[in-house]
Amino acid sequence: MRLLIQDLTDQRKLVESATGLTEQQLKAQVRDAKALTERLDLCRGTVAELGLAKSSNAALNNTDVVNFAARHIHDDPAATSGVEPLWRMGSAAAHGQRSFALMRMDRNVVTTGADGKRTVELRGDIVHDIGPAAAAAALAVNEAFRLFDLRCGRVQAPGEKLPRFNEL
């Protein structure tokens, strides 16, 4: 329910964010926002009717989702504990946060324009940024394929290791 409610909320925000619309587009925007609000109300009613916890209506926290997945994918506590920092570093890079820039001051390029304004080019690298994040994603995909095979009825023989996507 949290995922559905979050998705509907995000869709509504997207629809409502459009500006400079023609009269016809504005009517469509109002119609679509109303339909999404009705679906949200229906979901919230279902949460109440089923007696689900109030957290079922709460915003979905992506970091919590990543940590949940990490705990269920990795047997090694060190690997599990490394997933959240990778997620947070990627998020900091995507959002242009200072923490990403400060950790890479030796790689960033600072230029000063004729008007005196400084621009900083944030630079990552394969070893510290892309490689570990890609590895974490690959491990998650491998586990997703393994679970998919099991849920589709594939029976694993004793001692057999189900193939992973990188072995196919």
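The values are calculated or read from the model by the stated rules, or taken from the named source; none is laboratory data. These numbers were taken from a predicted model, which means no experiment stands behind them. Heads up, the Cβs are rebuilt from the backbone with ideal geometry, glycines too, and the neighbour counts pull from every protein chain shown. When the accessible area is computed, the model is the full protein with side chains, heavy atoms only, and any ligands, DNA or RNA have been set aside. Shrake-Rupley method; radii C 1.70, N 1.55, O 1.52, S 1.80 Å.
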task = Note down all Cβ pairs under 6 Å where the first residue falls in segment 12-40 and is touching a residue at least 24 places away in the same chain (Cβ under 8 Å), the second is of a type in the set (S, T, N, Q) and surrounded by 12 or more Cβ atoms within 10 Å (Cβ to Cβ), and they're at least six residues apart or on different chains.
result = Leu36/Gln11
ask   = Within the bounds of segment 135-151, is there any residue that is more than 29 Å from Asn62 (Cα to Cα) and surrounded by fewer than 12 Cβ atoms within 10 Å (Cβ to Cβ)?
value = no
key: Residue list for segment 64-93, restricted to those being among the acidic types (Asp, Glu) and touching a residue at least 12 places away in the same chain (Cβ under 8 Å)   = Glu84
message = part of a loop (DSSP other than H, G, I, E, B), among the aliphatic types (A, V, I, L, M) and at pLDDT 80 or above: is that true of Leu60 in this structure?
response = no
task = Name every residue in segment 104-128 that is closer than 18 Å to Pro85 by Cβ and open to solvent by 100 Å² or more (accessible area, probe 1.4 Å), in order of residue number.
result = Ile126, Val127, His128
key: Residues of segment 1-50 that turn out to be open to solvent by 80 Å² or more (accessible area, probe 1.4 Å) and farther than 18 Å from Asn62 by Cβ, as a count   = 18
